[in-house]
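Worksheet: one structure, shown below.
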Amino acid sequence: MIEFDNVGLHYGTGPEILRNLNFKIDPGSFHFLTGPSGAGKTSLLRLLLLSLRPTSGKLTMFDKDVAGLDKEAMMAMRQHIGIVFQEFRLLEHLTTFENVALPLAVRGEPEASYRSNVQELLDWVGLGHQINARPELLSGGEKQRAAIARAVIAKPELLLADEPTGNVDPELAERLLHLFVELNRMGTTIILATHELHLLDQFRFPRLQLQDGEVSIHD
Ligand SMILES: Nc1ncnc2c1ncn2[C@@H]1O[C@H](COP(=O)(O)OP(=O)(O)OP(=O)(O)O)[C@@H](O)[C@H]1O
């Protein structure tokens, strides 16, 4: 699904942030992405989100070299990818339903075609009772569950998460991680960046460890 072949990245004329990245991500797998602050976790996720291109080497995603993608092809590939951020990024003026439905609404899909799917997904993440609430009325954990629902409503094959548990308490963080595990069991490939190593011990997924710009894999 994803192959890094000697990938490197630098911003502008700055130093290389990532270098010699060589690894593969198989469909249906779950990887944690770890490393100290500033190691490049967000930058690596931005490569996978197609918001940055490698400055050297070759990144293949969904069987295509990302360097050769035009805007249309990039947008098409982007539809297979969901993202969850640490800071939720919900739109304050929209209800939970509208936030979660947004990826479908912006594609022009009629509400009648997704209403029951959104309702079902919100029930599944435990937010059915907050369907008409605006984000200001949601707890941190509820906001992140809404953000996860928004990231998966369009059934992405690849789900990226950047410190998704960074803004919730440890008990909730664990519950959120179980939600990602469930999504993975249903077939979604997941890469989840975190520096909260204590949370990961109970999960036996491989870790992509970033250190000094290079990645090593720990099974
Ligand atoms: N837009 C940018 N322009 C220039 N340098 C950047 C930019 N974004 C990130 N960097 C630099 O790239 C390096 C890696 O940053 P990145 O945010 O990818 O690390 P991180 O592992 O996600 O860190 P954290 O855990 O603190 O979020 C840092 O030295 C950072 O200053």
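The values are calculated or read from the model by the stated rules, or taken from the named source; none is laboratory data. Nothing here was measured: the structure is a model prediction, and the numbers come from that model. Because the Cβ atoms are built from the backbone with ideal geometry, glycine has one as well, and the counts that use them run over all protein chains shown. Ligands, DNA and RNA are excluded from the accessible area calculation, which covers all protein heavy atoms including side chains. Shrake-Rupley method; radii C 1.70, N 1.55, O 1.52, S 1.80 Å.
See the values below:
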read-out	value
Within the chain: Cβ-based charge dipole about Cα centre, in debye rounded to nearest 20 (Lys, Arg +1; Asp, Glu -1)	340 debye
DSSP beta bridges in the chain [antiparallel fraction, %, rounded to 5]	55 percent
Over 19 Å [Cα-Cα, the stretch 113-219], rounded percent	48 percent
Relative contact order of the stretch 1-124, pairs being alpha-carbon contacts under 8 Å that are 6 or more residues apart, as %	22 percent
Partner lysines for K64 [C-alpha distance under 27 Å; skip if fewer than 8 residues away on the same chain]	K24, K41, K155
Modelled FRET efficiency - R0 41 Å, E214 with S113, Cβ distances, 0.05 increments	0.35
Qualifying aspartates and glutamates (Cα of each under 12 Å from Cα of K143; at least 8 residues distant if same chain)	E87, E92
Estimated [θ] at 222 nm from DSSP helical runs (n ≥ 4, -39500 (n - 2.57)) normalised by residues in the chain, nearest 500	-9500 deg cm²/dmol
Test item: Cα-centred dipole of the stretch 39-131, Lys/Arg +1 and Asp/Glu -1 on Cβ, debye	480 debye
Rounded percent of accessible protein surface that carbon and sulfur make up, the chain, 1.4 Å probe	49 percent
Cα-based convex hull volume of the stretch 71-174 per residue, rounded to whole Å³	108 Å³
Normalised alpha carbon radius of gyration of the chain [divisor 2.2 N^0.38 Å]	1.02
Residue among P110, I83, A73 farthest towards the positive dipole end of the chain, charges placed on Cβ	A73
Loop-resident sites, the stretch 50-104, for GluC sites (Glu not before Pro), counting at most 11 other Cβ within 10 Å (DSSP)	E92
